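Values quoted throughout were computed directly from the atomic coordinates according to the rules given, and no laboratory measurement underlies them. Keep in mind that this is a model prediction, so the values were computed, not measured. Every residue, glycine among them, receives a Cβ derived from its backbone with ideal geometry; neighbour counts consider all protein chains shown.
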Amino acid sequence: MTSVQSREAAALIGTYRRFPVEFVAGQGPWLTDADGARYLDFLSGLAVTSLGHAHPAVADAVAAQARRLVHTSNLYYTELQVRLAERLHATLGWVDAKAFFANSGAEANEAALKLARRHGKHQDPDKVEVVALSGSFHGRTLATLAVTGSPAKHEPFAPLGDWVTHVPYDDPDALDAAVGERTSAVLLEAVQGEGGVRVVPDAVWRAARSACDRVGALLVADEVQTGLGRLGAWYGWQTTRAEASAHGPPDAEPLPVVPDVVTLAKALANGLPIGAMIARGDGAKALGPGEHATTFGGGPVVCAAALAVLDTIEREGLVARAATLGALLASRLSALVDTAPLAAAVRGRGLLQALVLDRPVAAEVTAAALRRRLVVNCVAPDAVRLAPPFVIDEADVDEMATRLGAALADVSRETG
Ligand SMILES: *Cc1c(COP(=O)(O)O)cnc(C)c1O
């Protein structure tokens, strides 16, 4: 490790603060480091490898496509790109959906922001503004950084323009008041992942939906982290609840708040770089030829990988499995709150959960967990994030609880 650490310090721009571990192989929820030690992965990269490491269906799809054709550019047709779009539209249940493929979450959101701007400008040249939430995370490009609700991330690069308004993540009235005639989009996550695994209240989703309808803006769901089963539903927006319909039968299943645009990335190709922006209705018609493009986006290899991911999720019923395992994970974490030092509360949805601590030692707990060969991360000074792959079983959850309990005891002993 020391050798790679010192070579990296000389060779790479120092944008990452890394843990002193190099992983060289993985299998399901297990990772192996350069010394051969095995770690239980309850983070999945950053909520990326939902199918676990080295999934054979993805590996085979990538290898077969890499031997056939890797790249032609978007000057020509790619049937795999169309097939992937059709499959994603089916998971959304949107008959009029249209997709644009990019290479990352930030690029998917960048595409959504450009789409919203065109959609706005078709109504009024000044309709280019965006409302987003404090504590949100939408990416690191300049535009997606501007919508990210984190002053500390803005500060080194300010000014980022004055086209974004941030409102508290749990205040529907503030959101409604912030949306005006110049608003082109409201951007929401169902659960703020990087922002500390905070569930955005249904009332905020409802306020966003009605405010967007009031001014002709697009409601954009950033599902980069929450999409594709992570919350125990295909999409985070499907876990939201609109007001029960006044017209429907009283015992009807409550309907979710439906966005106009969703963005995807992280889990879509189980670790290969891909992003997608999917729009329905008028929004889907807002961008024309030449108005947006990417060299690599929607290339054959990543599309083949993403199709293998969707096949596997559907064939193995992994969305339902994520819901079941999520409940189990939350209950094991709650048991830690009852029995372990430092543990104060649990929050999250499905397989995106945080253990909230009673003091700001999440970084220390994360490091102690790593020494106990458990991979989790620190998303807030007092919150440890868990986002395991969907292929874990009950024994893995128990093993996680044992290791995390030991890490909490370690830190409690060290900090007195
Ligand atoms: C990770 C993330 C992004 C950015 O994705 P990148 O692939 O890192 O650009 C955007 N939005 C959300 C909600 C994310 O979790």
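Under unit Cβ charges (Lys, Arg +1; Asp, Glu -1), what dipole magnitude, rounded to 20 debye, does segment 127-207 have relative to its Cα centre? Don't skip to the answer; put the middle values down first.
Working: 6 positive and 11 negative charges, 55 e Å.
Value, rounded to 20: 260 debye.
Tell me, 277, 400 in order of fewest to most beta-carbon neighbours within 10 Å? Before the final figure, lay out the partial values.
Numbers: 277 28, 400 25.
Placing the least packed residue first, the sequence is 400, 277.
Name the residue, out of 185, 269, 293, whose mean-square fluctuation peaks in a Gaussian network model built on the chain with Cα pairs under 10 Å.
Maximum fluctuation in the GNM of the chain, among the listed residues, is at 293.
Give the range of the longest stretch in the chain that excludes all GluC sites (Glu not before Pro) found in loop regions by DSSP and having at most 15 other beta-carbon atoms within 10 Å.
On the way: sites that count: 22, 181, 243, 291, 316.
With GluC sites (Glu not before Pro) excluded where exposed in loops, the chain gives 23-180 as its longest stretch.
Placing +1 at every Lys and Arg Cβ and -1 at every Asp and Glu Cβ, with all other atoms neutral, what dipole size does the chain have around its Cα centre, in debye to the nearest 20?
Details: 38 positive and 47 negative charges, 157 e Å.
My answer is approximately 760 debye.
Within the set of other residues whose C-beta is less than 13 Å from the C-beta of residue 293, count the net charge using Lys and Arg as +1 and Asp and Glu as -1.
Working: positive: 114; negative: 107, 110, 291.
Combined, the nearby Lys, Arg, Asp and Glu give -2.
How about segment 147-220: which chymotrypsin sites (Phe, Trp or Tyr not before Pro) there are in a DSSP loop, with at most 16 other Cβ atoms within 10 Å of their Cβ? The partial results should precede the final answer.
Values: sites: 157, 163, 169, 205; in loops: 163, 169.
Answer by residue number: 163.
Rank the residues 53, 122, 89 as a footprinting-exposure proxy: fewest other Cβ atoms within 10 Å of their Cβ go first. Let's see the in-between values first.
Working: 53 23, 122 13, 89 17.
Final ranking by Cβ density, sparse to dense: 122, 89, 53.
Sort 130-139, 67-76, 94-103 by the packing proxy (mean of other Cβ within 10 Å over each peptide's residues), most packed first. Display every interim value, and only then the final one.
Numbers: 130-139: 24.7, 67-76: 10.2, 94-103: 19.5.
For the peptides 130-139, 67-76, 94-103, the packing ranking is 130-139, 94-103, 67-76.
Treat every Asp and Glu Cβ in segment 150-285 as -1 and every Lys and Arg Cβ as +1, leave all other atoms uncharged, and give the resulting dipole magnitude about the Cα centre to the nearest 20 debye. Walk me through the intermediate numbers first.
Working: 11 positive and 18 negative charges, 81 e Å.
For this selection, approximately 380 debye.
Given H placed on each backbone N at 1.01 Å, which residues far from residue 102 in sequence or on other chains put an amide H within less than 5 Å of it?
275, 276, 277, 298
In whole Å, what is the distance between the alpha-carbon centres of segment 12-72 and segment 258-317?
Between the Cα centre of segment 12-72 and that of segment 258-317, the gap is 20 Å.
Work from the charge dipole of the chain (Cβ charges, +1 for Lys and Arg, -1 for Asp and Glu, about the Cα centre) and give the residue of 231, 379, 27 farthest towards its positive end.
Towards the positive end, the residue furthest out is 27.
Take every Cα pair under 8 Å in the chain that's 6+ residues apart, average their separations, divide by the length, and report that relative contact order as a whole percent. Before the final figure, lay out the partial values.
Numbers: 860 pairs, mean separation 86.9, N = 416.
Contact order relative to length: 21 percent.
Grab the DSSP H runs of the chain that are 4 residues or longer, score each as -39,500 (n - 2.57), total them, divide by all residues and round the 222 nm result to the nearest 500 deg cm²/dmol.
Values: 13 runs with 159 residues, N = 416.
Per the formula, -12000 deg cm²/dmol.
Between segment 363-388 and segment 163-241, how far is it from one alpha carbon centroid to the other, in angstrom?
If you average the Cα positions of each part, the centres end up 27 Å apart.
Quick one: which residues, 5+ away or cross-chain, put their amide H under 5 Å from the amide H of residue 191? H built at 1.01 Å from N.
200
Fewest first, what order do 334, 50 take by the number of other Cβ atoms within 10 Å? Mind dumping the intermediate values first?
On the way: 334 15, 50 27.
If I rank by nearby Cβ atoms, fewest first, I get 334, 50.
Using the Cα centre of the chain as origin and beta-carbon charges of +1 (Lys, Arg) and -1 (Asp, Glu), tell me which of 220, 305, 267 is placed farthest towards the positive end of the dipole.
Toward the positive end, the furthest listed residue is 305.
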